[in-house]
Structure formats: structure tokens, C-alpha cells
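Colleague: Can you read through this structure? Questions will come right after.
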Amino acid sequence: MWFEHLQSRLDALAAGDLTRRLRTVLSGTAPHQRVSGADGVARDLLLFCSNDYLGLAAHPAIAQALAEGARRWGGGSGASPLVSGHSAAHAAVADWLGQAYAAHIPQARALGFCTGYMANLGVLTALGDADTELFCEALNHASLIDGARLARGRVTRYPHRDVQALAHALAVSTAPRRLIVTDSVFSMDGDIAPLRELLALAEAHDALLVVDDAHGFGVLGERGLGAVEALGLRSQRLVLVGTLGKAAGVAGAFVVAHTTVIEFLLQTARNLIFSTAAPPAVEHAVLAALHLVDSEEGRERRALLAQRVARLRSGMADLLAERPATPWQLLPSDTPIQPLIIGDNAATMALSARLEQLGLRVPGIRPPTVPAGTARLRITLCAAHTARDVDRLLQALAECADERVGATA
Ligand SMILES: *Cc1c(COP(=O)(O)O)cnc(C)c1O
């Protein structure tokens, strides 16, 4: 019974061109990666899909810190943070982050989680009790959606970037407490939430503002501290979640907030209390990554990244202007996430497959990750891409457009 049931569900996914496939990578994360194909043959592909925005995952200083950390601390942490898993390496990362955000959050203190997914679940389940209404942006990341589902409080969704709708929902709320929950940089669209306006609403309605800066941390701001730095925000209502497996090039996540909020999370976030702390060696590498993010080299990498984004956008604009029949649309975005909307699921996957034949890995993103009818290539750029790499992508896309690959039938 079970197996027929599961097989029919899988068949339904396949019929909608929605089957996802695990690909095995044979070399480190860099724009050039060796990937094993469906036929078992390994190919060298140029990636436009990694979130390693600064190209730090392959940085020798991080590899060295990881090795040094392993020599000093060995393998796992052995226990959850409140038992015996919280090492001096964990403490050093938290101290660095608390100090870094002191300018943006009064009495800032940081708390580490093993992943961003866990951090979001922890924050929303701990703060979103039965007396708290959660106001969630429509395009929030799956981990925020799942955190809101697990929270005891009532959940109200507001439309994408719609400050007016949120203001109205807050005004009519009768809940004793309110929590506004949003991505900073939206992971599938690349645009940025109106955080200044959201913070003003949080002030007006005595709410906390949870900001998931997974795609802003390391990328935005002079020091790379993300969206709050880029926008010059300062408030004790900010509960900031940052991830360390994307631009920081390692793994893990952190929450920075007013010390009272953090103390409450430490006492009540079940997935922190009942889960083994990250390996100390990883934290040792994270500290090296944080120093890189907030260094001259980090600044240079952010400047390079901005140049690659500009090159792709102007190249795509030319490409589409010269081919008015090509039904693709590059969404407006200033971040390294540059979504090219194709629309149809099968057309998107055909385009992605053709690009792979041309040596480029640009995965198609389909529903339910994005709304139906907006299947897309999620192009991401990183500081390690050369101008030539970007030109190669543009050339390949032009070729596909001329072959009418990715044009909806
Ligand atoms: C990737 C991502 C997460 C999850 O972070 P992990 O550390 O990969 O678990 C959370 N929020 C957003 C917006 C993300 O893109």
C-alpha cells in the first residue's frame, strides 16, 4: 500500500516536470566545479547557482582555520550548548558578532545555531507563543514558513513588500503581542524588503521585527554586516538572523538581538537546547571567515561582486532588446541573485539542460519553491566569477534564445 501510494505521488511530480535530482559534486565549491552527470560521466561546469557570494568557501585561510580548529578541538562538540558543547570557539564567534552589531542593536548579544533553518525555527517557536500574532511576508523562506507553522501564535500573511497591507493588519490585530517576520533579500527574487518602513511599523505597534538576512550578510553594507548596516538601521526591536554557510563560506547561523531577547531564546528555544552544538573547529573557521568578511579583502570582493552584477544586467538587457520575441524577463534586482523568469516548468528545465550541455550550471527553480507560472533560472553571481565567466553565460543564453530553447511552446 505504502509503496504504491508513494510511487503515485512521485509519478504525479514527474508528470508536472517537478522531479528534483540530487547531483554529486566532485570538487570544492568554486565557480568551476566537477559534477557527476546523470550518465555517471563527470563534467567541469561553471556554476551560477552557489550562494558562496564572496567566493570564501574555497579561501585558503578558511581551509587552514578549519584544519587548525580540528587539530586543537578534534571532531564534534559532544553535547548541546547548555550541557557541555559551548566551546571558547563558539564564544569567540558570538562575542565578535555582538560587538559588530552594537551600532545597530542596543545591548546586542549573539547566539549561534547549527543552520539558518534551525535559527529561524528556534526564533519563531520561542517568540511566537499563543499570545503573539506573527505577521509574515508572502515570499518568506521555507524555514520561516515552517517556523511560523510550528509557533503557537496566529499567523497572518501580508503581500510581498506591501507596507500598507501590513500596517492595516497590525492596526486591526487584537493579539497581546506582535512579531513581524521577513527575509531581507528575498532568496528567489533578489529584491530587498522595505526594512526601514517595517521597523517604523514595529515601533508604532510595539512589535519585534525578525529579519532573515541569509542573503544580505557578507554581501551588503560597508563591513558586510548585511541589510541593517546597508540601511543604517538601529533599534532594540531588531531580531536579526544571519547565516554563515552562504557569503561567509563555512556553515551555521546566528541570531543577534537585545540581550534580553537572546537570554529568552537560550532558555526556551527547544532546537537549541536539545541539539548538539556545532563542531568547535567549524566555529574556529567561522571566526576566520568573519574577519575576512570585515576586512579590506572582503570590501574588494564586494566591489568585484557589484561589477559582475552590473555586467550581467547590462548584458541581459542588450540580449533581450536584440531578441524581442524571447519571452524571458530579468527581475529587477541589485543583489547577486538575478532571477530570469521563463514561466513554464518544462521550458525552464530544457533551458537549464541546454546550458549544462554548454558547460554552465544554472538550475531551474520551479513551484512550489516559486509561484506557479514563474519558473525561472536563479542566476547567482559571486566575487570569484571573472568578467569572462559572465560573458560566457551571456553568450550561452543568447545561443539558447536563438535556438528558441526555453521559449514556451
Ligand atoms: C538558505 C536560507 C536559510 C537557511 O540557512 P541554512 O544555514 O542553509 O540552513 C534561511 N533563510 C533564507 C532566506 C535562506 O536563503
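Colleague: Would you mind stating whether Cys114 is open to solvent by less than 30 Å² (accessible area, probe 1.4 Å), assigned by TED's automatic domain parsing to the domain that holds Phe274 and within 16 Å of the ligand (Cβ to nearest atom)?
Modeller: So Cys114 fails the test.
Colleague: Filtering region 66-120 down to residues that are in a helix (DSSP H, G or I) and either touching a Lys or Arg at 6+ places or on another chain (Cβ under 6 Å) or of a type in the set (Phe, Trp, Tyr) (or both), which residue is farthest from Val228 (Cα to Cα)?
Modeller: Result: Trp73.
Colleague: Are any residues in region 121-144 aliphatic (A, V, I, L, M), away from the ligand (no atom under 13 Å from the Cβ), crowded, with 21+ Cβ neighbours inside 10 Å and not in a strand (DSSP E or B), and if so, which ones?
Modeller: Ala126, Leu127
Colleague: For region 145-176, give me the residue count where each residue is surrounded by 14 or more Cβ atoms within 10 Å (Cβ to Cβ), more than 16 Å from the ligand (Cβ to nearest atom) and part of a helix (DSSP H, G or I).
Modeller: 6
Colleague: Answer with yes or no whether Leu272 is of a type outside the set (Asp, Glu), buried (at least 24 other Cβ atoms within 10 Å of the Cβ), in contact with a Leu (Cβ under 9 Å, 6 or more places away or on another chain) and part of a helix (DSSP H, G or I).
Modeller: So Leu272 passes the test.
Colleague: Would you mind stating whether Ala306 is surrounded by fewer than 14 Cβ atoms within 10 Å (Cβ to Cβ) and not assigned by TED's automatic domain parsing to the domain that holds Gly226?
Modeller: Criteria not met by Ala306.
Colleague: Right, next: For region 10-29, state whether one or more residues are closer than 30 Å to Ile365 by Cβ, of a type in the set (D, E, K, R) and part of a strand (DSSP E or B).
Modeller: no
Colleague: Then there's this: Provide a single number: the residues in region 195-232 that are open to solvent by less than 20 Å² (accessible area, probe 1.4 Å) and under 22 Å from Ala165 (Cα atoms).
Modeller: Of the residues in region 195-232, 9 are open to solvent by less than 20 Å² (accessible area, probe 1.4 Å) and under 22 Å from Ala165 (Cα atoms).
The values are calculated or read from the model by the stated rules, or taken from the named source; none is laboratory data. In this text the structure is predicted, and so the values were computed from the model without any measurement. In this analysis, Cβ positions are derived from the backbone assuming ideal geometry, glycine residues included, and neighbour counts consider all displayed protein chains. Only protein heavy atoms, including side chains, enter the accessible area calculation; ligands, DNA and RNA are left aside. Shrake-Rupley method; radii C 1.70, N 1.55, O 1.52, S 1.80 Å.
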